[in-house]
1. Cβ contacts < 8 Å: first residue among the β-branched types (Val, Ile, Thr), restricted to segment 224-242; second residue in a loop (DSSP other than H, G, I, E, B), any location; separation 6+ or different chain. Result?
2. Within segment 166-190, how many residues turn out to be more than 26 Å from Met151 (Cα to Cα) and open to solvent by less than 10 Å² (accessible area, probe 1.4 Å)?
3. Among the residues of segment 275-293, which ones are touching a Phe, Trp or Tyr at 6+ places or on another chain (Cβ under 8 Å) and open to solvent by less than 20 Å² (accessible area, probe 1.4 Å)?
4. Out of segment 25-48, which residues are open to solvent by 30 Å² or more (accessible area, probe 1.4 Å), within 6 Å of the ligand (Cβ to nearest atom) and in a helix (DSSP H, G or I)?
5. Kindly establish whether Ser121 is free of Cβ contacts under 8 Å to residues at least 12 places away in the same chain and within 16 Å of the ligand (Cβ to nearest atom).
6. Are any of the residues in segment 67-82 under 26 Å from the mean Cα position of the chain (by Cα) and open to solvent by less than 20 Å² (accessible area, probe 1.4 Å)?
7. Name the residues in segment 234-260 that are in contact with a strand residue (DSSP E or B) (Cβ under 6 Å, 6 or more places away or on another chain) and among the small types (Gly, Ala, Ser), would you?
8. Please specify each residue of segment 49-66 satisfying the condition of being outside any helix (DSSP H, G or I) and either open to solvent by 70 Å² or more (accessible area, probe 1.4 Å) or at pLDDT below 95 (or both).
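The values are calculated or read from the model by the stated rules, or taken from the named source; none is laboratory data. The structure presented is a predicted model; accordingly, all values stated were derived computationally and were not measured. Ideal geometry is used to build each Cβ from the backbone, glycine not excepted, and the neighbour counts take in all protein chains shown. Remember, those area values only see protein heavy atoms, side chains included, never the ligands or the DNA or RNA. Shrake-Rupley method; radii C 1.70, N 1.55, O 1.52, S 1.80 Å.
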Amino acid sequence: MYADHTILNDGVRLARFREALRARVRPGDVVLDAGTGTGILAVMAAQAGAGHVYAVESRGIIELARDVVQANGCADRITLIRGDVQTVSLPEKADGVVCELLGYAGLAEGIARLLPRVIESHLKPGAWRIPGDLRVYAAPVQHAALHEYIMLAHADAGVDLGPVLREIVQNYWVENLAGADLLAPPCVVFAADWSGEPGRSSLRQDAPMTARRHGVVHGFGAWFTAELAPGVTLDTGPHAPLTSWRQVFFPLPQPVPVREGDTLGFDLTSMPMTHGEMFHWKCAVARGRQTLFEAAYSNALSCHSMKAFEQGADGNS
Ligand SMILES: C[S@@+](CC[C@H](N)C(=O)[O-])C[C@H]1O[C@@H](n2cnc3c(N)ncnc32)[C@H](O)[C@@H]1O
């Protein structure tokens, strides 16, 4: 319930999705809510004028959604279906889909893999999609206090904590980077456009960035924007109002000093594993042809469960 509580309490998220549903739903539309959770977006779609909403959810929380739908007087217009939205069969194709499977750094809940399948299986040609696109951004971050905290700078206990530190850097950290210094303008490391036909184009970019001043790189930050409807964008960046996604911080094992003009690379991929969507990332810092730092990480390699360190990371959705 913790994760569902966090996202229900995110006013920015709910306002953007309500705005998008009001813009997209035409009177009488058949709508698919892919991953309905507590049913909140299904109810919003019904309130926006949908003729019928199919609300699909894989977890037992669907029983709570049933009560939410009832409490809002929409039971005659919302059909709740327990199952995997990728394989479930629906009685009819939908005029539009709302799919809030946006995880940390946009990708952590597998939307890039799942939404194209949902579009292909369940939508009429030309149906609208919320979100219509996803862009994941990254930038090198200077944030000494955050790095000291994550890398246990104050754990001077006379005990070698090397194994713990090696584990720490194989994990991403969900943090608020509003106070961080971005040492280079953010660049797009992943983009997908689901707005057109067939709605599955996506691109992955290595991110060549150039330090705009001298400083110290403590890690890389990542966040996303998603266009929910024309003119309605959900922005989870460090300079946008804070959301339940906050930002994701990938710490370097040690700070790397940089000069203006040094180049920085950050590459992010997400892959489904048995225990959820895993991230792999590569970080590089170079001065001309000289490599100052280069390493690859993966939380799939975090063999000892970092759950205790990832309280926040497990919290979303
Ligand atoms: C981020 S939550 C969003 C819940 C709700 N739509 C909201 O906006 O509050 C995503 C939901 O999708 C569900 N989900 C994830 N993958 C799914 C799948 N393949 N089929 C059905 N539901 C899925 C999760 O269990 C979770 O409840």
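1. Thr225/Thr236; Thr225/Gly237; Thr236/Thr243; Thr236/Trp245; Thr236/Arg246
2. 1
3. Residues satisfying the conditions are Phe279, Trp281, Cys283, Val285.
4. Ile40
5. For Ser121, the condition - free of Cβ contacts under 8 Å to residues at least 12 places away in the same chain and within 16 Å of the ligand (Cβ to nearest atom) - is not met.
6. no
7. Selection gives Gly237 alone.
8. Hits for segment 49-66 are Ser58, Arg59.
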